[in-house]
Amino acid sequence: MASSSGSGSSGSLSAATAALAAAAGTEEELRALMEQRRAKRMLSNRESARRSRMRKQRHLDELTAQAAHLRRENAHVATALGLTAQGLLAVDAENAVLRTQTAELAARLGSLNDILACMNTNAVGAVAVSLTAAAAAAASSDPCLAFDGATALDDLLRSCPENMFQYQLC
């Protein structure tokens, strides 16, 4: 009986050993599977980190190119602004010269208008004297043409347009 019980024990021992071996095998398989998953995850993380670094580098390159482009554009705008400012100064200087010339010409025109007004005043008086002398000469030489000189001058001046002998000062 002892042998049967020993063999029974030994059978159960080998079943437990087999179960332990199977459990150890599954445990080894489980560890191998977990190690395989961990290695796969590490590889995936490395690849993701590599892609992230590449995106970051590409973004940095784009920003660097954009900064260079904006610096060039800024230089062009600054140059254009400088040229425009120089043009503005030139136009301002030319406007100042033209304003001065306009003032000088206006003064000269006023002086010339004053001279013309004086000349016309003297001319009207001269015309009146001349007409009076002509009327007197005509009256003395031809009695049919005799007329009053003052009346003839008044008629002549009234027949002229009102503003013929008037000049406006600008």
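The values are calculated or read from the model by the stated rules, or taken from the named source; none is laboratory data. Quick caveat: nothing in here was measured; it's all calculated off a predicted structure. Note that we place each Cβ from the backbone using ideal geometry, even for glycine, and neighbour counts take in every protein chain shown. Surface areas here come from the heavy atoms of the whole protein model, side chains and all, with no ligands, DNA or RNA. Shrake-Rupley method; radii C 1.70, N 1.55, O 1.52, S 1.80 Å.
Overview of values
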quantity	calculated
Meets criteria (part of a helix (DSSP H, G or I), loosely packed, with under 10 Cβ neighbours inside 10 Å and modelled with pLDDT under 95) for C144	yes
Every residue from region 52-70 that is over 36 Å from the mean Cα position of the chain (by Cα) and open to solvent by less than 90 Å² (accessible area, probe 1.4 Å)	S52
Scan of region 110-135 for residues that are open to solvent by 60 Å² or more (accessible area, probe 1.4 Å), modelled with pLDDT of 70 or more and not polar (S, T, N, Q), ordered by number	L112, D114, I115, L116, C118, M119
Set R99, R46: member being surrounded by 10 or more Cβ atoms within 10 Å (Cβ to Cβ), within 37 Å of the chain's Cα centre (by Cα) and not β-branched (V, I, T)	R99
